[in-house]
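**Q** Mind having a look at this structure? Questions to follow.
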Amino acid sequence: MTSEGNGRPHYNFKAPLDAAAAASTDPLLSSLIATPAFARLSNVRFLGGIDYARIPAPNGRPGSRRYTRYQHSLGVARLALLYADLRGLPPQDRRLIGAAALLHDIGHAPLSHSLEPVFKEHFGIDHHAATADILHGRVPLGQDVNGLLVRAGLDVGRLAAVIDGEDPGHEGFFGGPINFDTIEGILRSHTYERPAPRLSPETVMLAAVRRRDTADRDTVDEFWRCKDMVYGVIINSEKGMLADAVCQDAMRRAIGRFSRADYFITERRLFAKLPELRALLTAPHFEREARRALTAPLRARTRRFFTDPDSDFFARHDKARYRQQRSERILEVSDLTDERIEELRQDLFNDARGDREGQDLF
């Protein structure tokens, strides 16, 4: 495999982490990867319904490949382990952030963010609660994970706090705007567009850790502009909005087929319950069919991301420098007159934290 420089191989979005190599320094990681809870993520699409609508018939070529939360989680773990090596963290701290990065998406529902709002409405569960249930072994799917964490001597409560961004350590790489999850997720999302991203996740993460010159500053600033582009052309695009909307609409119409336990199933099993949804998401003329299926306009909360040049990059004032603005967008989806407007909620990268904590947080 060719190298990015510094002896590291090129970042491979399809297989970003060598589990055997990770096990050589900490066998806990490979054991967690082998659990049923983590394996389930290989059948949970990274962009939820957007994956199916954008790529109805993937063939594996760049730009025609769907990704999974499994692959993304391996990538986030790779970044966290590299950070641990750069900072020379002791083994137990390395184990903590490696496990947190690997497990940060363990609580995502089938179709990820596309269906989570409906599970929350009807069954009171979202990925925060589901992650906690798995980590603490409160659901059958989490018992192997919890056993491994306890035997490895990890404080499960602290691990959950790191995942939620509530632990103040690690230079904001779990809770700040420039974090392992967002770096990997945004640049992975960018691969759905052409041309492919110039930046790799490791390049951005290294620049954010070093902060030694203007080249590092320009790299992280470019990443933030990339985030704005990904939201504009993928997540908050008409196709992205429609994909999430038809997923939520289909589940609400068929809610009697579901229970709280279905939060933890795979997409294969989900589509066995909702075959009409898969047919719609992969329809040859998806946007036309989606507009026919929906009978009310959509109100979506959209985001734009910008950099405040007056905030010092080198002082690590990231929450002041890397900002977001929110607005609402109404998408007319049919010619029918309906006073009801459906609220569409999209939260691919946990940016809704800004809604709870203040408009200018990120």
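The values are calculated or read from the model by the stated rules, or taken from the named source; none is laboratory data. These numbers come from a predicted model, not from an experiment. All Cβ positions, glycine included, derive from the backbone under ideal geometry; neighbour counts span all protein chains shown. To get the accessible areas, we keep the full protein, side chains included, count just its heavy atoms, and leave off ligands, DNA and RNA. Shrake-Rupley method; radii C 1.70, N 1.55, O 1.52, S 1.80 Å.
**Q** Going from most exposed to least, what order do H317, H190, H128 have by accessible area with a 1.4 Å probe? Mind dumping the intermediate values first?
**A** On the way: H317 95, H190 30, H128 70 Å².
Per-residue accessible area, sorted high to low, gives H317, H128, H190.
**Q** Under a 1.4 Å probe, what is the accessible area of the chain per residue, stated in Å²?
**A** Details: 15020 Å² over 362 residues.
Result: 41 Å² per residue.
**Q** Would you please name the trypsin sites (Lys or Arg not before Pro) within segment 72-180 that are DSSP coil residues with at most 11 other C-beta atoms within 10 Å of their C-beta? Each step should come with its number before you reach the end.
**A** Numbers: sites: R78, R87, R94, R95, K120, R138, R151, R158; in loops: R138.
Passing both the DSSP loop test and the Cβ count: no residue.
**Q** Given bins 10 angstrom wide, list per bin the percent of all Cα-Cα distances in segment 67-158, short to long.
**A** In whole percents, the pair-distance histogram is 16, 42, 32, 9, 1.
**Q** Report the Cα centroid-to-centroid distance between segment 63-103 and segment 266-336 in angstrom, as an integer.
**A** If you average the Cα positions of each part, the centres end up 26 Å apart.
**Q** Can you tell me, using C-alpha contacts under 8 Å and at least 6 residues apart, the relative contact order of segment 227-331 as a whole percent?
**A** Relative contact order of segment 227-331: 29 percent.
**Q** Further question: Principal axis extents for segment 247-296, Cα atoms only, whole Å, descending order, please.
**A** Here the Cα extents, ordered largest to smallest, are 33, 22, 12 Å.
**Q** Over segment 1-153, what is the relative contact order in whole percent, taking alpha-carbon pairs under 8 Å and six or more residues apart? Each step should come with its number before you reach the end.
**A** Details: 190 pairs, mean separation 34.8, N = 153.
Across segment 1-153, relative contact order equals 23 percent.
**Q** Between segment 209-235 and segment 12-33, what is the separation of their alpha carbon centroids in Å?
**A** 27
**Q** Now for a different question. Thinking of segment 1-149 as a set of Cα atoms, what percent of all their pairs are more than 22 Å apart? Before the final figure, lay out the partial values.
**A** Working: 4959 of 11026 pairs.
Result for the distance tail: 45 percent.
**Q** What percentage of the solvent-accessible surface of segment 153-254, computed with a 1.4 Å probe over protein heavy atoms, is contributed by carbon and sulfur atoms?
**A** Carbon with sulfur: 48 percent of the solvent-accessible area.
**Q** Evaluate 2.2 N^0.38 Å with N set to the residue count of the chain, then give the Cα radius of gyration divided by it. Each step should come with its number before you reach the end.
**A** On the way: Rg = 20.0 Å, N = 362, 2.2 N^0.38 = 20.6 Å.
Computed over Cα atoms of the chain, the ratio equals 0.97.
**Q** Tell me, Kirkwood radius of segment 131-209 from alpha-carbon pair distances, in Å? Could you put the intermediate results ahead of the total?
**A** Details: mean 1/r = 0.0689 Å⁻¹.
Result for segment 131-209 stands at 14.5 Å.
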